[in-house]
Structure formats: C-alpha cells, structure tokens
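Chemist: Handing you this structure, nothing more for now.
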C-alpha cells in the first residue's frame, strides 16, 4: 500500500469523525466510578404497594447473564438461618437496557400477602449468586406514629454533593420509614451520561434505598426530549425511571408516575406535573386527584409533585398547576404540598404573604395547605422578588433535607441543612375546626441568602438567576 493511498484513506476515515465530534460534543462521564452491571444485583430500590402493610416491591439490575427475575423473602429471624424458611418469588424476565456502561437487565418483583408490622428479609439473584439479605418492615394496618424524609431535587452534583445530605439525613434521624422525592432525581438531559447519573443516584443513597420504601415523583428531568414524526418536539418519560421504580398501578390510566399510598394514617398522592403541563394530561390528573382525595379516609393528606404552585425562584407561579390543582387542595383540605423544581427553599402558608399569615395565626385562623419547596443537590437558583415577603421562610444556595413526624393529631415538620443544622420548623395540629400551625420554638440558624456576590457561607454566591 502506497504512502499516498494510506494518507488519503486516513483522511477519509477521519473526516466524518471530526464532523461528528464538532456537531456532537462528547457526553461527560462520571470520573473514576465505573457503573457497569455486575454479576451480583445492584441499583436495588424498594417501593411500597398501595397498601404497604400487605405489600412491597423491589427493582434491581444485573448483568445480561441473569435473565430470570428471582428473589427470596422470609420473616426475619435473629440467627443466620433466613434461607431455611425463605420462599422464592419470581417475576417477568429482566428488561434489557444498553448504555455507555454496557448491557444490563432490569428486574422487578412484587412481594404480596405480607403480614402488617413485620420485619422481612429478602435477597435477589444475580448470575454469580445471591445478594446480601436486606430487611424492611411492613407498615402497621392501623394509624400509628411514623417518620418520613422529604427530599427536593437531587439532580445535580449527585454523588459529589447530594450524597452527603442524604447520608446526613439518615445518620442523624433514626426511624425513617419512607422517603418522598419531589422529582428531578437525576438531570438526565444535560449533566452527565444518563446511566452514570442513575449510577450516582443509587450510590448516593446506597443501601438506604433498598431497606426504606421510596415514593418518587417525576420531574421535568425524568423526561427526555423527542422529535415526533411531523417534526415537532415533545417529551417522553425517560427509560430509567420506570425501570428503577416498581410503583403501585392505581393512578391515572396510562400514567405510571401517578399513584397513591396509604401509610399509617397518611395518604400520599403523587402527581406528574410535566405530563400535566406539557403532554395534555392536566384534566385527567385533576379529576383523579379530586376523586382520590374525596375517597381518602386518612387523617392526613400529603400531595407530592415537582413544579411548585408558588415559585421561589422563577418570575411567575406555575399558572397551569395553580389554576387546576390549588382549588382541589383547598376544597379537599390537603395538609402538605411537597414540591421541588426551583432549587431554593420556601415554606408558604398564605398567598397574602408572611405578615398576613402570621396575623391570621395570631387570630386563631385555621391553616390551609402548607406549600413547601426544597432542594438537595448542588444546582441553586436565586430567590425571586416575591420570596422576600410572601413565604414564611426561604433560603438560597443551601442544600436541605426535611424530616416529618406524624403522630395522631400532630404533624411535626423540620428542615435541616446539609450539616444537620435546624433551619426551619413548624407543627400542624388537627383540631375539630381544622389545622392550626405553630412555628417551632427550637432555635434555628439565621436566614441563608446571598448578599450581592457573597453566599451565605462566605464564599461566592452560587445561586443564579432563573
């Protein structure tokens, strides 16, 4: 082969690559963290059934050699003999998913006919053998005190920053029985390779995701952009969310990210704001929301979704959600509305503003729905003008988690910073005439906002305008 021919061949083969590289920059990858599927199960995620006193579900991933979905479950005992009375449960064959980390199979199994208020141990099959035994407790069949964790957008800096917040929440607050995620669990569109992001999400929560049932809502970043046959742009739910979470099938028909769970006196209702706003399902979700609240026999009703009714960062409130869902929340006397999306913190008890809200409490006025917005990951937005006077308390450039204790007629809500400092708190007390809100008397740290270009920790302000 002549040197000229070889040079021409190399130039010809290199040209398309150069053009492609120029048009499509390489997707960033997680540094030093290989997320290829292994011969043992990983990405293990526990989710509750609609009645978590009688059922749980688990999703996990294996390498492509483990085609069967197989688990063992037993009532926990106190010696190393779990396998003696374990029963084997099988599910559909694994769903294949190829990625930048190679091929993998995703599995899901439902554990049914469980006994309430009982500790179970389960393990999952991989091509090289069984996982470790993992334990969960079913909910009690009756109303009983419990604690749950509420997390805003984990989305960015998942392993680098958000992981410490998640771990601090579990380390400092024992007895967490549920975790409510307000959407955008991963960025899934712009930060990293998608499989790396979900690998980081699972690593950030590690075994806690596999022993504490998770209640995830979808955010706009759970969706991916698509081009329809007519050339117009749309969105569809990305591939990872339905593989990662085995959710109850009791929501709006065809919308697998809408569902409800009744847990020891609380009805959790999960909505899909992105589908409602962008994909035309607002009417169906609103009708389902109203019916699900109307049928609730729970003492407390908590609604979880992504795009906030009252924004703390964006110039305008989410008009579509506000017009459709707020009247239902008011009519059906919803207690808490948990949201994300704005990458700031807001606790709002009255649209009229914090002064009017404080005066109403002083006058003994009953409290309507309390609207919360929070953020766990590293992306931060600056507060809008309304956030200076409308919410009762706000924060910017601050990673947070929320611990909620439900005990009979009292609901205790506490917000903590990444290092475990108490930032905000209130109690809701349910009386014959309705809810009454009392601010916590515990000492909280100073309000965290940027001052010019200086952030609340003394470094640069990382909260950008939205």
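Chemist: Counting other beta carbons within 10 Å of each Cβ, put 166, 211 in order, fewest first.
Modeler: Fewest to most other Cβ atoms nearby, the residues stand as 211, 166.
Chemist: While we're looking at this one, here's another question. Would you compute, for the Cα atoms of segment 42-137, the largest minus smallest coordinate along each principal axis and list the three values in descending order, in whole Å?
Modeler: Principal-axis extents of the Cα atoms in segment 42-137, largest first: 41, 31, 18 Å.
Chemist: Please give the contour-minus-distance gain from residue 96 to residue 356: 0.36 nm per residue of separation, less the Cα-Cα distance, rounded to one decimal in nm.
Modeler: That works out to 88.1 nm of additional length.
Chemist: Another question, if that's okay. Calculate the length of the line joining the C-alpha centroid of segment 342-418 to that of segment 101-174, in whole Å.
Modeler: Each part's Cα centre sits 27 Å from the other's.
Chemist: Another question about this same structure. Using only the Cα atoms of segment 102-214, construct the convex hull and provide its projected area averaged over every direction, in square nanometres to one decimal.
Modeler: Averaged projected hull area, Cα only: 8.7 nm².
Chemist: While we're looking at this one, here's another question. With both bridge residues required to lie in the chain, what share of the DSSP beta bridges run antiparallel, to the nearest 5%?
Modeler: If we restrict to bridges inside the chain, about 75 percent are antiparallel.
Chemist: Moving on to the next point. How long is the chain along each principal axis, judged by its Cα atoms, biggest number first, in Å?
Modeler: 93, 62, 46
Chemist: Can you tell me the length gained on complete extension of the stretch residue 64 to residue 83, counting 0.36 nm per residue apart and subtracting the Cα distance?
Modeler: Stretched fully, the residue 64-residue 83 segment lengthens by 4.3 nm.
Chemist: What is the Cα radius of gyration of segment 176-237 over 2.2 N^0.38 Å, N being its residue count?
Modeler: Normalised Rg, Cα atoms only: 1.35.
Every number here is computed from the coordinates shown, using simple stated rules; none is lab data. Please read these numbers as outputs of a predicted model, since none were measured by experiment. A quick note on method: Cβ atoms are made from the backbone with ideal geometry, for glycine too, and the neighbour counts reach across all protein chains shown.
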